[in-house]
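Peer 1: Take this structure, written in structure tokens, and hold onto it; I'll ask about it next.
Read-outs: derived from the displayed coordinates by stated rules, not from any lab. This structure is a prediction, so every number in the text was calculated from the model and none was measured. Reconstructed Cβ throughout: ideal geometry from the backbone, glycine too, with neighbour counts over all protein chains shown.
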Amino acid sequence: MELVWVAAALTALPLALVVLTALGSRRRGAGRVRAAAAGALFPVTWVAWYLVDAPPRWWHAAGG
């Protein structure tokens, strides 16, 4: 029975991250298809949002 709970937790966390990222993308103005893609590729989406919202100092120095 414990294995079922572990499997459920390991499935629910990534699924929640996908759904929340897709919802955040929709809120930022993306269409449904782009929001779904952002959700599916959430690690890449998070890095892109980080660089757009709060670029690190070296990013400006490199001309980004």
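Peer 1: So what is the relative contact order of the chain, in percent, for Cα pairs below 8 Å that sit 6 or more residues apart?
Peer 2: Details: 30 pairs, mean separation 15.7, N = 64.
Over the chain, the number comes to 25 percent.
Peer 1: Taking the Cα centre of the chain as origin, work out the dipole magnitude from +1 charges on Lys and Arg Cβ and -1 charges on Asp and Glu Cβ, in debye rounded to 20. Could you put the intermediate results ahead of the total?
Peer 2: Working: 6 positive and 2 negative charges, 74 e Å.
The dipole magnitude comes to about 360 debye.
Peer 1: In whole angstrom, and with the biggest value first, how far do the Cα coordinates of the chain range along each principal axis?
Peer 2: Result, largest extent first: 54, 27, 13 Å.
Peer 1: Can you compute the FRET efficiency between residue 57 and residue 9 using 1/(1 + (r/R0)^6), with r the Cβ-Cβ distance and R0 = 35 Å? Round to the nearest 0.05.
Peer 2: Working: r = 38 Å, r/R0 = 1.08.
Once rounded, the FRET efficiency stands at 0.40.
Peer 1: Using θ = phi - 60° and the Karplus form 6.51 cos²θ - 1.76 cosθ + 1.60, what ³J(HN,Hα) does each residue of segment 13-29 get, whole Hz, x for Gly and Pro?
Peer 2: 3J(HN,Hα) across segment 13-29, in whole Hz: 5, x, 5, 5, 5, 4, 5, 5, 5, 4, 5, x, 5, 4, 5, 7, x.
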